[in-house]
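Presented below is the structure to which this report refers.
The values are calculated or read from the model by the stated rules, or taken from the named source; none is laboratory data. These figures come from a predicted structure and were not determined experimentally. Methodologically, a virtual Cβ is constructed for each residue, glycine included, from the backbone with ideal geometry; neighbour enumeration extends over all protein chains shown.
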Amino acid sequence: MIEIDARSESNGGAPLAGQLELSFESRQKRQFSSKLRSGDEVLVRLPRGPILRGGDLLRSRDGALIEVIAERESLLQIESNGPSHLARLAYHLGNRHVACEVGDGFLRIATDPVLEKMLVGLGATVCRVVAPFEPEAGAYTHGHRRSDEVSQPGRIHEYHTEPTTTDK
């Protein structure tokens, strides 16, 4: 069994030893067992940190690099008649603490019949799609990131203001 215990910021030109395809739910966990696409079993034990994203790299105890693949999942794609209406729909989803992916002219959430009914009632166009799910990271993290960016877990007190002339 392959034991994975660290993230890797880059592969430094090293070849990948495998790919680990995971659902969004699994990518939020720090410890779990799974299988690589090749069928090899893996045990993942990561230190606390941001959720895994498609394209992230993991390092096994023996130094092998494993790429995370965002699994295709059943999702609801939400579209509307304009940006302000889409923002209103996003507000209602955020008010319910729903994990939501924001795209160019659409929102995506995990399939949920109750939320689907609410969204249609608010005038949204909702269709079912199967796609990788990469929802926003949240207000107290460094946001939705590309796989080549380095991130740290968010901290609620990381914001400060620069002194102004009235503060001196």
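Numbers at a glance
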| quantity | calculated |
| --- | --- |
| Residue 75 at pLDDT 95 or above and closer than 21 Å to residue 134 by Cβ | yes |
| Of all residues making up segment 60-85, the number that are of a type outside the set (Val, Ile, Thr), surrounded by 15 or more Cβ atoms within 10 Å (Cβ to Cβ) and farther than 30 Å from residue 120 by Cα | 4 |
| From the options 129, 42, residue that is closer than 30 Å to residue 1 by Cα, in contact with a strand residue (DSSP E or B) (Cβ under 9 Å, 6 or more places away or on another chain) and touching a residue at least 24 places away in the same chain (Cβ under 8 Å) | 42 |
| Residue among 128, 96 that alone is farther than 20 Å from residue 72 by Cα and charged (D, E, K, R) | 96 |
| Test: residue in segment 129-137 that is under 27 Å from residue 26 (Cα atoms) and more than 18 Å from the chain's Cα centre (by Cα) | no |
